[in-house]
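Q: The structure follows.
The values are calculated or read from the model by the stated rules, or taken from the named source; none is laboratory data. Predicted model only: the values in this text are computed from it and were never measured. Neighbour counts are summed over all protein chains in view; Cβ atoms, including those assigned to glycine, are modelled from backbone coordinates with ideal geometry. Heavy atoms of the whole protein, side chains included, go into the accessibility calculation; ligands, DNA and RNA do not. Shrake-Rupley method; radii C 1.70, N 1.55, O 1.52, S 1.80 Å.
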Amino acid sequence: MTIREYHLYRYAIPVDSQLILRNRFLKRREGLLVQIKCKENEGWGEIAPLPEYSTETLEQAQQQATQWLKDWDAARSRNEKLAFDGLYPSVAFGLSCALAEMKGALQAEGNYQAAPLCYGDPDELYEPLDQMQGEKVAKIKVGMYEANRDGMIADMLLEAIPDLHLRLDANRSWTPAKAAMFAKYVKPEHRPRIQFLEEPCKTREESRRFAAETGINIAWDESVREPDFDVIAEPHVSAIVIKPTLIGSLEKCVSLIEKAQSFGMKAVISSSLESSFGLTQLARIARQYTPDVTPGLDTLDLMEYQVVRPWQGSDLPLIGLESEFVTQIF
Ligand SMILES: O=C(O)CCC(=O)c1ccccc1C(=O)O
Ligand SMILES: [Mg+2]
């Protein structure tokens, strides 16, 4: 018997991503599941580059992961370690999760209390918010319709639910004038219950100015993935959003989290539309490293199936490794 073993599986499941990826159509979500074993220990990870967001394609990720696994096996047989340097973010994340799981470094329990996500119809939020225990926090995608409508909806929800906190995500879609229009409709006394508004404007400078002028806290999401980004303490920047599939290894994510926390900022673990498999690992990472922050993982319902590991409380059908949607590569 060999000491080490590794396997790679590829999944492709039907998805309706129109809402979240705006005008980008994605009919199938595809990704890889990696399994590594060392004696009696095993660990798994998901490698799922997100089209339009990741720089790498699935083919490139698969090729790189395959080579890394070979090199890792060889390195381990010389009792050496192999780093994740230079790997694509999705590959580094998936492989580092598999290793962490194998070493027992990733705790089993997760935080499955994700912030309910709303794409425009605020009525959809009342029921999930009613079910929520602890902190009541929801996330609304803004910037798709009129800015004044977004402002009215946010203000109305904050008025109607006095213990509600909101997260909003504009994905850099507003000009300073549109962002100001949004703010005009949110009463100043409601603004402190906006935990953050992700990237209101096209540039960080415009977003900073918006925050200073309105007193509405903002968060960096797209910026975190830009090469010149560094976590620094800034007025009105209350959080950074971390999408590990787009960031890199677990170690890299943890160092960003710790830096944000050292400045009193929230680090929000968030989805890149991983399968239920990847989402459960993100829920575990969230619970372990950001215990006081509700993660942004409410994206499972865009999919028609769950893959291998079920998300707590989801009724979606679960498919296994033997299903027609999964192929073993090696
Ligand atoms: O962050 C969340 O709460 C949900 C995930 C999400 O919004 C998202 C998911 C995939 C790609 C981009 C985005 C985004 O933040 O715009
Ligand atoms: Mg965002």
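Q: Return the loop-located trypsin sites (Lys or Arg not before Pro) in the stretch 23-58 (DSSP other than H, G, I, E, B) with at most 14 other Cβ atoms within 10 Å of their own Cβ; answer none if there are none.
A: For trypsin sites (Lys or Arg not before Pro) across the stretch 23-58 that sit outside H, G, I, E and B with at most 14 neighbouring Cβ atoms in 10 Å, the list reads Arg24, Lys27, Lys39.
Q: Just the number please: accessible area per residue for the stretch 4-102, 1.4 Å probe, all protein chains included, in Å².
A: Result: 47 Å² per residue.
Q: Right, next: Could you check the spin-label model distance between Asp301 and Asp130? Points 7 Å from the Cα along Cα→Cβ, value in nm.
A: 1.4 nm
Q: I've got another one for you. At a Förster radius of 51 Å, what calculated FRET efficiency corresponds to the Cβ-Cβ distance of Glu189 and Thr55, to the nearest 0.05?
A: Between Glu189 and Thr55 the formula returns 0.75.
Q: Test of the criteria: in the stretch 204-245, which GluC sites (Glu not before Pro) are in a DSSP loop and have at most 12 other Cβ atoms within 10 angstrom of their Cβ? Display every interim value, and only then the final one.
A: Numbers: sites: Glu205, Glu206, Glu213, Glu222; in loops: none.
For GluC sites (Glu not before Pro) across the stretch 204-245 that sit outside H, G, I, E and B with at most 12 neighbouring Cβ atoms in 10 Å, the list is empty.
Q: With the cut-off at 1.5 for a/c, could you classify the stretch 117-302 from its C-alpha gyration tensor as rounded, prolate or oblate?
A: Numbers: a/c = 1.66, a/b = 1.20, b/c = 1.39.
Taking the square roots of the gyration eigenvalues as a ≥ b ≥ c, the stretch 117-302 is oblate.
Q: Next question. How many Å² of accessible area per residue for the stretch 117-302, probe 1.4 Å?
A: Per residue, the stretch 117-302 has 40 Å² of solvent-accessible surface.
Q: Rounded to whole Å and sorted largest first, what semi-axes of the equivalent ellipsoid does the C-alpha gyration tensor of the stretch 4-102 yield via the square root of 5 times each eigenvalue?
A: Numbers: eigenvalues 162, 37, 20 Å².
Value: 28, 14, 10 Å, ordered largest first.
Q: What fraction of the DSSP beta bridges in the chain is antiparallel, stated in percent and rounded to the nearest 5?
A: So the antiparallel bridges in the chain amount to around 45 percent.
Q: Can you give the local net charge around Ala286? Use residues other than it whose beta-carbon is closer than 14 angstrom to its beta-carbon, Lys and Arg +1, Asp and Glu -1.
A: -1
Q: Something else now. Please report, in debye to the nearest 20, how large the charge dipole of the chain is about its Cα centre when each Lys and Arg carries +1 at its beta carbon and each Asp and Glu carries -1 there.
A: Using only the charged Cβ atoms, the result is roughly 620 debye.
Q: Still on this structure, I have one more. Shape of the stretch 239-280 from its Cα gyration tensor (a ≥ b ≥ c, root eigenvalues): rounded if a/c is under 1.5, otherwise prolate when a/b > b/c, or oblate?
A: Working: a/c = 2.77, a/b = 1.89, b/c = 1.47.
Prolate shape, in that a/c is at least 1.5 and a/b is the bigger ratio.
Q: Next question. Which GluC sites (Glu not before Pro) does the stretch 12-96 hold that lie in a coil by DSSP with at most 15 other beta carbons within 10 Å?
A: Glu40, Glu52, Glu80
Q: If the label point is 7 Å along Cα→Cβ of Gln312, which residues in the stretch 108-130 have backbone nitrogen under 12 Å from it?
A: Flagged as within label range: 108-114.
Q: Report the net charge of residues surrounding Ser276, where surrounding means a beta-carbon distance below 15 angstrom and charges are Lys +1, Arg +1, Asp -1, Glu -1. Walk me through the intermediate numbers first.
A: Details: positive: Arg29, Arg284, Arg309; negative: Glu30, Glu46, Glu274, Asp298, Asp301, Glu304, Asp315.
Around Ser276, the surrounding residues sum to -4.
Q: Would you list the P(r) distribution for the stretch 238-330, with all Cα-Cα distances sorted into 5 Å bins from 0 and each bin expressed as a whole %?
A: Spelled out bin by bin, the stretch 238-330 gives 3, 14, 23, 21, 16, 12, 8, 4, 2, 0 percent.
Q: I've got another one for you. Anything over 29 Å Cα to Cα? Flag those among Lys27/Lys178; Lys136/Lys259; Lys103/Lys139; Lys27/Lys252; Lys178/Lys243, in the order listed.
A: Lys27/Lys178; Lys103/Lys139; Lys27/Lys252
Q: Tally up the carbon and sulfur contribution to the accessible surface of the chain as a whole percent, 1.4 Å probe, everything protein left in place.
A: The C+S portion of the solvent-accessible surface of the chain is 49 percent.
Q: Which shape class, rounded, prolate or oblate, goes with the chain when its Cα gyration tensor gives a ≥ b ≥ c as root eigenvalues, a/c under 1.5 marks rounded, and past that a/b bigger than b/c marks prolate?
A: Prolate shape, in that a/c is at least 1.5 and a/b is the bigger ratio.
Q: Using helices alone, what [θ] at 222 nm do you get for the chain, with -39,500 (n - 2.57) per DSSP H run of 4 or more residues, divided over all residues and rounded to the nearest 500? Write out the running numbers ahead of the final one.
A: Working: 9 runs with 108 residues, N = 330.
It lands at -10000 deg cm²/dmol.
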